[in-house]
1. Just one of (1) surrounded by 15 or more Cβ atoms within 10 Å (Cβ to Cβ); (2) over 30 Å from residue B:77 (Cβ atoms) trips up residue A:49, so point out which.
2. Give the residue that is least open to solvent (accessible area, probe 1.4 Å), with candidates limited to residues of the range A:18-27 that are in a helix (DSSP H, G or I) and not charged (D, E, K, R).
3. For residue A:174, only one of the following conditions fails: (1) in contact (Cβ under 8 Å) with a residue 24 or more places away in the chain; (2) under 18 Å from residue A:83 (Cβ atoms); (3) open to solvent by less than 10 Å² (accessible area, probe 1.4 Å). What is its number?
4. Working only within the range B:154-167, note down all residues that are in contact with a helix residue (DSSP H, G or I) (Cβ under 9 Å, 6 or more places away or on another chain) and open to solvent by less than 40 Å² (accessible area, probe 1.4 Å).
5. For the range A:216-236, enumerate the residues that are of a type outside the set (Gly, Ala, Ser), modelled with pLDDT under 95 and in a loop (DSSP other than H, G, I, E, B).
6. Please go through (1) over 16 Å from the mean Cα position of the chain (by Cα); (2) at pLDDT 95 or above for residue B:127 and return the number of the only condition it doesn't satisfy.
7. If you check residue B:170 against the conditions, is it more than 10 Å from every other protein chain (Cβ to nearest Cβ), in a loop (DSSP other than H, G, I, E, B), open to solvent by less than 50 Å² (accessible area, probe 1.4 Å) and in contact with a strand residue (DSSP E or B) (Cβ under 6 Å, 6 or more places away or on another chain)?
8. Step by step: first the residues of the range A:5-17, then only those that are surrounded by fewer than 21 Cβ atoms within 10 Å (Cβ to Cβ) and either within 30 Å of residue A:147 (Cα to Cα) or among the basic types (Lys, Arg) (or both), then the one that is nearest to the other protein chains (Cβ to nearest Cβ). Which residue is that?
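The values are calculated or read from the model by the stated rules, or taken from the named source; none is laboratory data. What you are looking at is a predicted structure, and each value in this text was computed from that prediction instead of being measured. Methodologically, a virtual Cβ is constructed for each residue, glycine included, from the backbone with ideal geometry; neighbour enumeration extends over all protein chains shown. When the accessible area is computed, the model is the full protein with side chains, heavy atoms only, and any ligands, DNA or RNA have been set aside. Shrake-Rupley method; radii C 1.70, N 1.55, O 1.52, S 1.80 Å.
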Amino acid sequence: MRPNTPYTPRDWDSHPPYIVPDYRSTLLRGPKKPLIPLPHSLSELTGPVFGHDVVGPLDHDLTRNGVVNAEPLGERIIVTGKVMDEAGRPVPHTLVELWQANAAGRYVHRWDQHAAPLDPNFFGGGRTMTDAEGRYRFITIKPGAYPWGNHHNAWRPNHIHFSLFGPSFVTRLVTQMYFPGDPLLAFDPIYQGIPESARERLVSRFSLDVTEPMMALGYEFDIVLRGPRATPIDED
Amino acid sequence: MPKQTPSQTVGPYFAYGLTPQPYGREGIADGRVVDRTLSGAALAGHRITVTGRVLDGAKAPVIDAMIEIWQADAQGRYAHPADGREASFHGFGRTGTDGEGAFRIETIKPGPVAGADARPQAPHLNVAVFARGMPNHAYTRVYFSDETAANEADMVLNLVGPDRRNTLVAMLEKTAGGPVYRFDIRLQGEDETVFFDA
Ligand SMILES: [Fe+3]
(Lines give C-alpha, C1' and ligand atoms only; values in the text may rest on other atoms or scores of the structure.)
Protein backbone atom coordinates (compact mmCIF):
# COMPACT_ATOMS: atom_id res chain seq x y z
CA MET A 1 0.00 0.00 0.00
CA ARG A 2 1.29 3.46 -0.85
CA PRO A 3 1.99 5.09 2.48
CA ASN A 4 1.22 8.64 1.46
CA THR A 5 -2.22 8.27 -0.07
CA PRO A 6 -4.79 10.47 1.72
CA TYR A 7 -7.53 8.71 3.66
CA THR A 8 -11.19 8.77 2.73
CA PRO A 9 -13.19 11.37 4.68
CA ARG A 10 -15.48 10.40 7.52
CA ASP A 11 -18.61 9.03 5.87
CA TRP A 12 -21.39 11.11 7.39
CA ASP A 13 -23.96 8.64 6.07
CA SER A 14 -22.40 6.13 8.46
CA HIS A 15 -21.76 8.21 11.58
CA PRO A 16 -24.24 9.94 13.85
CA PRO A 17 -24.39 13.74 13.65
CA TYR A 18 -22.71 15.67 16.47
CA ILE A 19 -26.09 16.77 17.74
CA VAL A 20 -28.76 14.11 18.28
CA PRO A 21 -31.67 15.94 19.97
CA ASP A 22 -32.99 12.84 21.76
CA TYR A 23 -29.52 12.24 23.25
CA ARG A 24 -29.64 15.25 25.51
CA SER A 25 -26.02 15.77 26.41
CA THR A 26 -25.18 16.28 22.72
CA LEU A 27 -27.16 19.54 22.75
CA LEU A 28 -24.45 21.64 24.39
CA ARG A 29 -21.47 19.52 23.41
CA GLY A 30 -21.81 19.15 19.67
CA PRO A 31 -19.97 21.68 17.48
CA LYS A 32 -22.47 23.73 15.47
CA LYS A 33 -20.17 25.53 13.06
CA PRO A 34 -19.26 23.62 9.91
CA LEU A 35 -16.17 21.40 10.12
CA ILE A 36 -13.32 22.63 7.95
CA PRO A 37 -12.09 20.00 5.46
CA LEU A 38 -8.40 19.33 6.09
CA PRO A 39 -6.12 18.32 3.21
CA HIS A 40 -3.97 15.46 4.44
CA SER A 41 -0.32 16.08 5.23
CA LEU A 42 2.04 13.87 7.22
CA SER A 43 0.16 15.13 10.30
CA GLU A 44 -2.90 13.17 9.18
CA LEU A 45 -1.17 10.31 7.34
CA THR A 46 0.68 9.27 10.46
CA GLY A 47 -0.57 8.17 13.85
CA PRO A 48 0.57 6.36 16.95
CA VAL A 49 2.00 2.90 16.43
CA PHE A 50 1.79 0.55 19.40
CA GLY A 51 3.72 -2.63 19.89
CA HIS A 52 2.90 -5.77 21.79
CA ASP A 53 4.77 -4.23 24.75
CA VAL A 54 1.62 -2.24 25.66
CA VAL A 55 -0.43 -5.43 25.96
CA GLY A 56 -0.08 -7.77 28.93
CA PRO A 57 -0.71 -11.53 28.73
CA LEU A 58 -4.15 -11.30 30.42
CA ASP A 59 -5.26 -8.00 28.92
CA HIS A 60 -7.53 -9.72 26.35
CA ASP A 61 -9.18 -11.95 28.95
CA LEU A 62 -11.55 -9.96 31.17
CA THR A 63 -12.62 -13.15 32.94
CA ARG A 64 -9.11 -13.33 34.40
CA ASN A 65 -7.57 -9.85 34.40
CA GLY A 66 -9.62 -8.63 37.36
CA VAL A 67 -9.68 -11.80 39.42
CA VAL A 68 -8.99 -11.35 43.13
CA ASN A 69 -10.15 -14.64 44.60
CA ALA A 70 -12.78 -16.19 42.30
CA GLU A 71 -14.20 -16.22 38.80
CA PRO A 72 -16.30 -13.17 37.85
CA LEU A 73 -20.08 -13.71 37.86
CA GLY A 74 -22.15 -13.73 34.70
CA GLU A 75 -22.34 -15.30 31.29
CA ARG A 76 -18.90 -15.93 29.75
CA ILE A 77 -18.63 -14.81 26.13
CA ILE A 78 -16.00 -14.66 23.39
CA VAL A 79 -15.99 -11.54 21.22
CA THR A 80 -13.94 -11.77 18.08
CA GLY A 81 -13.81 -10.17 14.66
CA LYS A 82 -11.77 -8.64 11.93
CA VAL A 83 -10.60 -5.04 11.65
CA MET A 84 -10.44 -3.97 8.02
CA ASP A 85 -10.47 -0.89 5.84
CA GLU A 86 -13.11 0.14 3.33
CA ALA A 87 -11.49 -1.98 0.62
CA GLY A 88 -11.80 -5.02 2.89
CA ARG A 89 -8.05 -5.16 3.52
CA PRO A 90 -7.12 -6.29 7.03
CA VAL A 91 -5.73 -3.74 9.48
CA PRO A 92 -2.99 -5.81 11.15
CA HIS A 93 -1.14 -5.16 14.40
CA THR A 94 -3.37 -2.35 15.59
CA LEU A 95 -4.36 -1.70 19.18
CA VAL A 96 -7.94 -2.48 20.25
CA GLU A 97 -9.05 -1.24 23.68
CA LEU A 98 -12.36 -2.12 25.28
CA TRP A 99 -14.33 -1.39 28.43
CA GLN A 100 -17.74 -2.45 29.72
CA ALA A 101 -20.12 -2.90 32.64
CA ASN A 102 -20.21 -6.14 34.61
CA ALA A 103 -22.99 -8.72 34.34
CA ALA A 104 -25.21 -6.65 36.63
CA GLY A 105 -24.83 -3.52 34.53
CA ARG A 106 -22.42 -1.77 36.90
CA TYR A 107 -19.15 -0.11 35.92
CA VAL A 108 -16.07 -0.02 38.11
CA HIS A 109 -15.99 3.73 37.36
CA ARG A 110 -16.13 5.76 40.56
CA TRP A 111 -18.98 7.93 39.27
CA ASP A 112 -21.28 5.00 38.51
CA GLN A 113 -24.05 5.20 41.11
CA HIS A 114 -26.29 2.48 39.66
CA ALA A 115 -27.61 0.41 42.57
CA ALA A 116 -26.36 -2.88 41.13
CA PRO A 117 -23.54 -4.88 42.68
CA LEU A 118 -19.90 -4.48 41.78
CA ASP A 119 -18.12 -7.76 41.15
CA PRO A 120 -14.84 -7.82 43.07
CA ASN A 121 -13.43 -10.19 40.45
CA PHE A 122 -14.34 -8.16 37.37
CA PHE A 123 -12.57 -4.99 36.26
CA GLY A 124 -14.13 -4.55 32.83
CA GLY A 125 -11.20 -3.10 30.88
CA GLY A 126 -8.99 -4.84 28.36
CA ARG A 127 -6.88 -4.46 25.25
CA THR A 128 -5.30 -6.52 22.53
CA MET A 129 -3.53 -6.20 19.18
CA THR A 130 -5.00 -7.45 15.92
CA ASP A 131 -2.99 -10.23 14.29
CA ALA A 132 -1.51 -10.25 10.78
CA GLU A 133 -5.01 -10.86 9.34
CA GLY A 134 -6.57 -8.03 11.34
CA ARG A 135 -8.28 -10.43 13.78
CA TYR A 136 -8.81 -9.77 17.48
CA ARG A 137 -10.32 -11.92 20.23
CA PHE A 138 -11.52 -11.08 23.74
CA ILE A 139 -12.91 -13.33 26.44
CA THR A 140 -15.27 -11.51 28.76
CA ILE A 141 -18.60 -11.51 30.63
CA LYS A 142 -21.78 -10.39 28.87
CA PRO A 143 -22.42 -6.85 30.15
CA GLY A 144 -25.77 -6.04 31.74
CA ALA A 145 -28.09 -3.22 30.71
CA TYR A 146 -28.00 -0.16 32.94
CA PRO A 147 -30.22 2.89 33.55
CA TRP A 148 -29.14 6.45 32.73
CA GLY A 149 -30.61 9.87 33.25
CA ASN A 150 -31.29 10.92 29.66
CA HIS A 151 -35.08 10.61 29.97
CA HIS A 152 -37.69 8.80 32.08
CA ASN A 153 -36.96 5.06 32.29
CA ALA A 154 -33.91 5.28 30.03
CA TRP A 155 -31.80 2.10 29.83
CA ARG A 156 -28.70 1.48 27.76
CA PRO A 157 -28.81 -1.77 25.77
CA ASN A 158 -26.11 -4.32 26.57
CA HIS A 159 -22.95 -2.96 24.97
CA ILE A 160 -19.18 -3.09 24.95
CA HIS A 161 -17.17 0.08 24.28
CA PHE A 162 -14.41 -0.28 21.67
CA SER A 163 -11.50 2.05 20.85
CA LEU A 164 -9.32 1.58 17.76
CA PHE A 165 -6.46 3.42 16.10
CA GLY A 166 -5.82 1.96 12.66
CA PRO A 167 -2.85 3.20 10.64
CA SER A 168 -3.24 6.96 11.19
CA PHE A 169 -4.62 9.59 13.53
CA VAL A 170 -7.58 10.11 11.16
CA THR A 171 -8.54 6.41 11.17
CA ARG A 172 -9.17 6.62 14.93
CA LEU A 173 -12.55 5.21 15.98
CA VAL A 174 -14.40 4.88 19.27
CA THR A 175 -17.61 2.90 19.05
CA GLN A 176 -19.89 0.47 20.88
CA MET A 177 -20.78 -3.13 20.10
CA TYR A 178 -24.33 -4.29 20.74
CA PHE A 179 -25.97 -7.73 20.95
CA PRO A 180 -28.46 -9.25 18.49
CA GLY A 181 -32.13 -9.13 19.42
CA ASP A 182 -31.75 -6.64 22.25
CA PRO A 183 -35.20 -5.04 22.79
CA LEU A 184 -33.60 -1.90 24.24
CA LEU A 185 -31.97 -0.95 20.91
CA ALA A 186 -35.31 0.43 19.69
CA PHE A 187 -35.43 2.88 22.62
CA ASP A 188 -31.78 3.93 22.86
CA PRO A 189 -31.11 7.44 21.49
CA ILE A 190 -27.36 6.74 21.28
CA TYR A 191 -27.93 3.78 18.95
CA GLN A 192 -30.88 5.44 17.20
CA GLY A 193 -28.73 8.51 16.51
CA ILE A 194 -26.84 6.51 13.88
CA PRO A 195 -28.26 6.80 10.34
CA GLU A 196 -30.74 3.96 9.94
CA SER A 197 -28.87 2.24 7.11
CA ALA A 198 -25.69 2.03 9.21
CA ARG A 199 -27.01 1.07 12.66
CA GLU A 200 -26.93 -2.68 12.29
CA ARG A 201 -23.18 -2.59 11.67
CA LEU A 202 -22.84 -2.18 15.43
CA VAL A 203 -24.88 -5.27 16.25
CA SER A 204 -22.66 -8.32 16.71
CA ARG A 205 -23.59 -11.74 15.32
CA PHE A 206 -24.03 -14.79 17.47
CA SER A 207 -21.79 -17.56 16.14
CA LEU A 208 -21.92 -21.22 17.02
CA ASP A 209 -18.50 -21.61 15.37
CA VAL A 210 -16.96 -19.12 17.80
CA THR A 211 -18.90 -20.61 20.72
CA GLU A 212 -16.82 -23.06 22.75
CA PRO A 213 -18.50 -26.15 24.23
CA MET A 214 -18.99 -25.97 27.99
CA MET A 215 -17.11 -22.66 28.02
CA ALA A 216 -18.56 -19.53 26.39
CA LEU A 217 -20.98 -18.21 23.79
CA GLY A 218 -19.35 -16.60 20.77
CA TYR A 219 -20.09 -13.26 19.11
CA GLU A 220 -18.52 -11.82 15.98
CA PHE A 221 -18.05 -8.09 15.49
CA ASP A 222 -16.14 -6.82 12.44
CA ILE A 223 -14.95 -3.23 12.37
CA VAL A 224 -14.36 -1.12 9.25
CA LEU A 225 -11.99 1.84 9.49
CA ARG A 226 -11.35 4.56 6.95
CA GLY A 227 -9.01 3.44 4.19
CA PRO A 228 -6.70 5.03 1.63
CA ARG A 229 -8.67 7.26 -0.73
CA ALA A 230 -7.29 5.73 -3.92
CA THR A 231 -7.12 1.97 -4.22
CA PRO A 232 -3.61 1.18 -5.44
CA ILE A 233 -3.61 -0.76 -8.71
CA ASP A 234 -0.54 -2.77 -7.78
CA GLU A 235 -0.22 -4.16 -4.35
CA ASP A 236 2.90 -5.83 -3.14
CA MET B 1 -17.11 -2.69 -0.35
CA PRO B 2 -17.56 -2.63 3.42
CA LYS B 3 -18.68 0.69 4.85
CA GLN B 4 -17.27 2.58 7.81
CA THR B 5 -18.27 1.36 11.24
CA PRO B 6 -20.34 4.10 12.92
CA SER B 7 -18.76 6.09 15.72
CA GLN B 8 -20.29 6.22 19.20
CA THR B 9 -19.61 8.34 22.26
CA VAL B 10 -16.99 7.25 24.80
CA GLY B 11 -19.74 7.78 27.39
CA PRO B 12 -19.13 8.91 30.96
CA TYR B 13 -17.28 5.80 32.13
CA PHE B 14 -14.28 5.50 29.81
CA ALA B 15 -11.71 6.49 32.43
CA TYR B 16 -10.97 3.07 33.91
CA GLY B 17 -10.60 1.72 30.37
CA LEU B 18 -8.68 4.48 28.59
CA THR B 19 -7.06 6.62 31.33
CA PRO B 20 -6.91 3.99 34.09
CA GLN B 21 -3.97 5.20 36.20
CA PRO B 22 -6.26 6.26 39.11
CA TYR B 23 -7.60 2.68 39.10
CA GLY B 24 -4.16 1.22 39.64
CA ARG B 25 -3.79 0.17 36.02
CA GLU B 26 -1.33 1.28 33.43
CA GLY B 27 -2.73 3.01 30.36
CA ILE B 28 -1.09 3.53 26.99
CA ALA B 29 -0.36 7.22 27.76
CA ASP B 30 -0.81 9.51 30.74
CA GLY B 31 -0.71 13.14 29.66
CA ARG B 32 3.00 13.15 29.01
CA VAL B 33 3.81 12.90 25.34
CA VAL B 34 7.47 12.52 26.20
CA ASP B 35 8.58 10.23 28.95
CA ARG B 36 10.03 11.92 32.04
CA THR B 37 13.16 9.84 31.76
CA LEU B 38 13.97 11.31 28.35
CA SER B 39 15.93 14.50 28.81
CA GLY B 40 19.01 16.44 27.83
CA ALA B 41 20.92 15.07 24.89
CA ALA B 42 18.55 12.14 24.53
CA LEU B 43 15.76 14.43 23.47
CA ALA B 44 16.18 17.63 21.50
CA GLY B 45 13.55 20.33 21.84
CA HIS B 46 11.92 22.76 24.18
CA ARG B 47 9.97 21.31 27.07
CA ILE B 48 6.49 22.81 27.19
CA THR B 49 3.20 22.32 28.98
CA VAL B 50 -0.10 22.73 27.17
CA THR B 51 -3.05 23.26 29.46
CA GLY B 52 -6.60 24.49 29.22
CA ARG B 53 -10.21 23.64 29.81
CA VAL B 54 -12.88 21.97 27.74
CA LEU B 55 -16.10 24.02 27.84
CA ASP B 56 -19.59 23.30 26.51
CA GLY B 57 -22.02 25.62 24.75
CA ALA B 58 -23.10 27.11 28.10
CA LYS B 59 -19.43 27.71 29.01
CA ALA B 60 -19.68 24.99 31.66
CA PRO B 61 -16.61 22.80 32.17
CA VAL B 62 -16.73 19.37 30.54
CA ILE B 63 -15.44 17.17 33.34
CA ASP B 64 -15.65 13.89 31.44
CA ALA B 65 -13.73 14.67 28.26
CA MET B 66 -10.60 13.00 26.95
CA ILE B 67 -7.89 14.71 24.92
CA GLU B 68 -5.47 12.89 22.64
CA ILE B 69 -2.35 14.49 21.17
CA TRP B 70 -0.38 13.32 18.17
CA GLN B 71 2.71 15.27 17.28
CA ALA B 72 6.07 15.39 15.52
CA ASP B 73 9.38 15.64 17.36
CA ALA B 74 11.51 18.82 17.47
CA GLN B 75 12.84 18.07 13.97
CA GLY B 76 9.31 17.71 12.59
CA ARG B 77 9.51 13.90 12.32
CA TYR B 78 6.62 11.56 13.13
CA ALA B 79 7.23 8.13 14.64
CA HIS B 80 5.39 6.36 11.82
CA PRO B 81 6.31 4.42 8.65
CA ALA B 82 4.63 7.02 6.39
CA ASP B 83 7.22 9.53 7.60
CA GLY B 84 10.08 7.12 7.18
CA ARG B 85 12.57 9.03 9.33
CA GLU B 86 13.40 7.95 12.83
CA ALA B 87 11.64 10.19 15.34
CA SER B 88 13.16 10.84 18.74
CA PHE B 89 9.99 9.91 20.66
CA HIS B 90 6.63 8.21 20.25
CA GLY B 91 4.55 11.40 19.92
CA PHE B 92 1.24 10.27 21.42
CA GLY B 93 -0.39 11.56 24.60
CA ARG B 94 -3.78 11.04 26.21
CA THR B 95 -5.42 12.51 29.28
CA GLY B 96 -8.84 13.02 30.80
CA THR B 97 -10.21 16.34 32.04
CA ASP B 98 -10.52 16.94 35.78
CA GLY B 99 -13.33 18.33 37.97
CA GLU B 100 -12.77 21.80 36.48
CA GLY B 101 -12.75 20.50 32.91
CA ALA B 102 -8.99 21.06 32.79
CA PHE B 103 -6.33 19.03 31.03
CA ARG B 104 -2.56 19.26 31.10
CA ILE B 105 -0.10 17.82 28.58
CA GLU B 106 3.66 17.78 29.11
CA THR B 107 5.62 17.57 25.91
CA ILE B 108 8.17 19.28 23.70
CA LYS B 109 7.44 21.83 21.05
CA PRO B 110 7.20 20.06 17.69
CA GLY B 111 9.21 21.12 14.66
CA PRO B 112 7.76 22.08 11.27
CA VAL B 113 6.18 19.33 9.15
CA ALA B 114 5.63 19.50 5.40
CA GLY B 115 2.05 20.43 4.52
CA ALA B 116 -0.25 19.02 1.86
CA ASP B 117 1.23 21.66 -0.47
CA ALA B 118 4.77 20.48 0.45
CA ARG B 119 5.57 23.79 2.12
CA PRO B 120 6.45 23.69 5.82
CA GLN B 121 3.52 24.02 8.23
CA ALA B 122 3.76 26.01 11.42
CA PRO B 123 4.51 23.85 14.47
CA HIS B 124 1.32 22.26 15.74
CA LEU B 125 -0.15 19.47 17.82
CA ASN B 126 -2.88 17.32 16.31
CA VAL B 127 -5.72 16.93 18.79
CA ALA B 128 -8.72 14.63 19.10
CA VAL B 129 -11.44 15.48 21.65
CA PHE B 130 -13.77 12.82 23.05
CA ALA B 131 -16.58 13.17 25.60
CA ARG B 132 -19.88 11.91 26.82
CA GLY B 133 -22.38 13.62 24.56
CA MET B 134 -20.06 13.54 21.55
CA PRO B 135 -21.16 10.75 19.18
CA ASN B 136 -18.00 11.48 17.17
CA HIS B 137 -14.64 12.72 18.35
CA ALA B 138 -13.63 16.16 17.10
CA TYR B 139 -10.30 17.03 15.48
CA THR B 140 -8.53 20.31 16.11
CA ARG B 141 -4.96 21.62 16.18
CA VAL B 142 -2.89 23.52 18.72
CA TYR B 143 -0.67 26.23 17.20
CA PHE B 144 1.68 28.41 19.27
CA SER B 145 1.32 32.16 19.87
CA ASP B 146 5.09 32.82 19.63
CA GLU B 147 5.23 31.48 16.03
CA THR B 148 3.64 34.55 14.45
CA ALA B 149 5.42 34.42 11.09
CA ALA B 150 5.03 30.65 10.66
CA ASN B 151 1.38 30.85 11.67
CA GLU B 152 0.70 33.59 9.12
CA ALA B 153 2.10 31.39 6.35
CA ASP B 154 0.48 28.16 7.52
CA MET B 155 -1.72 26.55 4.89
CA VAL B 156 -4.23 25.11 7.33
CA LEU B 157 -4.62 28.29 9.40
CA ASN B 158 -5.26 30.07 6.13
CA LEU B 159 -8.22 27.76 5.46
CA VAL B 160 -9.84 29.29 8.54
CA GLY B 161 -11.52 32.68 8.54
CA PRO B 162 -9.36 35.34 10.26
CA ASP B 163 -12.04 35.82 12.94
CA ARG B 164 -11.74 32.19 14.10
CA ARG B 165 -8.02 31.50 13.67
CA ASN B 166 -7.28 32.57 17.22
CA THR B 167 -9.25 29.56 18.54
CA LEU B 168 -6.41 27.37 17.25
CA VAL B 169 -3.55 29.35 18.80
CA ALA B 170 -2.34 28.51 22.31
CA MET B 171 -1.17 31.56 24.27
CA LEU B 172 2.30 31.43 25.77
CA GLU B 173 2.64 32.23 29.46
CA LYS B 174 6.14 32.19 30.91
CA THR B 175 6.04 30.63 34.35
CA ALA B 176 8.69 29.68 36.90
CA GLY B 177 8.15 26.06 35.90
CA GLY B 178 8.84 26.75 32.21
CA PRO B 179 6.77 27.76 29.22
CA VAL B 180 3.05 27.03 29.52
CA TYR B 181 0.70 27.35 26.56
CA ARG B 182 -2.95 28.00 27.37
CA PHE B 183 -5.47 26.38 25.03
CA ASP B 184 -9.16 26.21 25.87
CA ILE B 185 -11.42 24.01 23.77
CA ARG B 186 -14.93 25.42 23.30
CA LEU B 187 -17.14 22.69 21.91
CA GLN B 188 -19.92 25.08 20.92
CA GLY B 189 -20.94 28.73 21.01
CA GLU B 190 -19.91 32.16 19.69
CA ASP B 191 -16.20 31.45 20.14
CA GLU B 192 -16.44 27.75 19.20
CA THR B 193 -13.05 26.17 18.55
CA VAL B 194 -12.37 25.36 14.91
CA PHE B 195 -12.84 21.64 14.28
CA PHE B 196 -11.71 19.87 11.15
CA ASP B 197 -13.17 17.21 8.95
CA ALA B 198 -9.73 15.63 9.09
FE1 LIG C 1 -21.52 2.26 28.53
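1. Every listed condition holds for residue A:49 apart from (2).
2. A:26
3. Residue A:174 satisfies all of (1) in contact (Cβ under 8 Å) with a residue 24 or more places away in the chain; (2) under 18 Å from residue A:83 (Cβ atoms); (3) open to solvent by less than 10 Å² (accessible area, probe 1.4 Å) except (1).
4. Correct list: B:156, B:157, B:160.
5. A:229, A:231, A:232, A:233, A:234, A:235, A:236
6. Answer for residue B:127: the failing condition is (1).
7. Against the criterion (more than 10 Å from every other protein chain (Cβ to nearest Cβ), in a loop (DSSP other than H, G, I, E, B), open to solvent by less than 50 Å² (accessible area, probe 1.4 Å) and in contact with a strand residue (DSSP E or B) (Cβ under 6 Å, 6 or more places away or on another chain)), residue B:170 does not qualify.
8. Top of the filtered list is A:14.
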